[in-house]
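Take a look at the structure set out below.
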Amino acid sequence: MIKDKLKLTPFYDATKDVFKSMLDLDISKLENNEKLNSEENVKVEIALIGDLSGTVIYNFPKSTTLNIVKTLSGMEFNDLDDFSSSMLGEMANIISGNAVTSLSEMNYKCDIKPPKITIGNSNADKDGSSVDMFLHSNVGEMCEHICLSQNI
Amino acid sequence: MMWKDKYKIGIPLVDKQHKELFDRVEKFVEALRKDEEWDAKLPEIKKTLAFMKNYVVEHFDDEEVYQRKIGYPLQKEHHLIHKDFTEYVMQCAASFEKEGYPEKGVQQFAGKLLAWLINHVVATDLKMSEFVKKDGDL
């Protein structure tokens with residue numbers, strides 16, 4: 001199971017770049033965040049196949065999701081729905097695609113599967129074999145639950 | 001307003017078409033969010049989708065003609081991104097027509113469309129603008 005910083009960095013860097021280019025926002029890492037365990041959220045699961053395989057689960061709490069959707073659409077949204085969750089699904093897809101491009105530059109050839117998007121209160125299971133990356137920006141908090149194995 | 005000046009990449013024809021696309025997507029999302037029954041929204045949704053189908057193709061073609069004219073080195077990669085997204089739009093439009101424009105699918109399509117479009121403009125198209133600026137054509 002990969003906890004190697006070098007292979008996780010592409011996901012952090014890709015998130016940082018996408019937040020900057022799409023939302024004009026900087027992100028920073030957090031130690032933990034209780035909000036992620038209590039609030040309704042959009043969960044986007046993206047499977048990786050290839051030299052590294054497993055899943056990356058992006059957890060966007062409701063408040064973060066609605067702030068992102070408002071920033072991008074210029075419209076107020078009060079609830080999580082198919083439109084807002086799909087927007088976040090595509091953002092996670094873009095972040096993962098960019099991370100996989102960076103991994104290929106490190107000689108790890110991988111591909112991503114289409115995102116699986118759910119709205120609910122569940123969080124990714126913590127089983128000690130994955131890494132949770134808690135992130136903060138002016139739109140709120142989010143978490144990336146990274147669980148990858150190396151196949152080469 | 002959905003369109004932001006920061007989306008301008010400095011190529012007048014492309015900026016004009018991008019603004020038109022954003023304006024149409026905005027109308028599309030507004031139509032989706034109207035406080036009325038789904039069936040009442042359908043005429044506007046069908047109209048906007050029909051426009052988008054044609055305009056996305058027209059815009060991508062114009063952009064690629066421009067890229068060939070300026071000898072843009074990433075034209076092939078850019079073309080593949082356009083091709084993939086055009087196929088996605090066409091597939092969605094065909095399945096919506098077949099399935100009677102289901103609300104869930106159309107809402108999901110609109111969310112993805114907006115996020116994809118913003119990222120495409122601020123990341124992929126911006127590279128073209130940077131090339132033009134570097135090459136002194138802008």
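The values are calculated or read from the model by the stated rules, or taken from the named source; none is laboratory data. Source: prediction; values computed, not measured. As a convention, Cβ positions derive from the backbone with ideal geometry for all residues, glycine included, and neighbour counts pool all protein chains shown. All accessible areas refer to the heavy atoms of the entire protein, side chains included, with ligands and DNA or RNA removed. Shrake-Rupley method; radii C 1.70, N 1.55, O 1.52, S 1.80 Å.
Points worth noting:
- Just so you know, in segment A:78-106 the residues that are within 7 Å of another protein chain (Cβ to nearest Cβ) and of a type in the set (A, V, I, L, M) include one that is surrounded by the most Cβ atoms within 10 Å (Cβ to Cβ), and it is A:91.
- Whichever residue in segment B:1-24 is facing another protein chain (nearest Cβ under 9 Å) and among the aliphatic types (A, V, I, L, M) and, among such residues, is nearest to residue B:123 (Cα to Cα): B:2
- Pick from segment A:65-76, criterion surrounded by fewer than 24 Cβ atoms within 10 Å (Cβ to Cβ) and under 21 Å from residue A:143 (Cβ atoms), ranking: farthest from the other protein chains (Cβ to nearest Cβ): A:67
Table: residues versus (1) farther than 19 Å from residue A:17 by Cα; (2) part of a strand (DSSP E or B); (3) touching a residue at least 12 places away in the same chain (Cβ under 8 Å).
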site: A:85; (1), (2), (3): yes, no, yes
site: A:91; (1), (2), (3): no, no, yes
site: A:100; (1), (2), (3): no, no, yes
site: A:108; (1), (2), (3): yes, no, yes
site: A:118; (1), (2), (3): yes, yes, yes
site: A:122; (1), (2), (3): yes, no, yes
site: A:135; (1), (2), (3): no, yes, yes
site: A:142; (1), (2), (3): no, yes, yes
site: A:145; (1), (2), (3): no, yes, yes
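- Within segment A:14-44, the residues that satisfy the criterion of being crowded, with 19+ Cβ neighbours inside 10 Å and part of a strand (DSSP E or B) are A:41, A:42, A:43, A:44.
- Of all residues in segment B:58-94 being open to solvent by 40 Å² or more (accessible area, probe 1.4 Å) and small (Gly, Ala, Ser), the one that is farthest from residue B:37 (Cα to Cα): B:71
- Restricting the first member to segment B:102-124 and to residues that are within 7 Å of another protein chain (Cβ to nearest Cβ), and the second to residues that are surrounded by fewer than 19 Cβ atoms within 10 Å (Cβ to Cβ) and modelled with pLDDT of 95 or more, the beta-carbon pairs closer than 6 Å and six or more apart or on different chains are B:122/A:21; B:123/A:21.
- Extreme residue, nearest to residue B:66 (Cα to Cα), among residues of segment B:1-12 that are open to solvent by 90 Å² or more (accessible area, probe 1.4 Å) and part of a helix (DSSP H, G or I): B:12
- Index of the failed condition, residue B:77 passing every other in (1) within 14 Å of chain A (Cβ to nearest Cβ); (2) closer than 24 Å to residue A:77 by Cα: (2)
- Any hit, segment B:77-88, residues being assigned to a helix (DSSP H, G or I), closer than 19 Å to residue B:30 by Cβ and at pLDDT 95 or above: no
Per-residue answers, yes or no, for (1) charged (D, E, K, R); (2) in contact with a helix residue (DSSP H, G or I) (Cβ under 8 Å, 6 or more places away or on another chain); (3) in contact (Cβ under 8 Å) with a residue 24 or more places away in the chain:
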| position | (1), (2), (3) |
| --- | --- |
| B:9 | no, yes, yes |
| B:13 | no, yes, yes |
| B:39 | yes, no, no |
| B:47 | yes, no, no |
| B:68 | yes, yes, no |
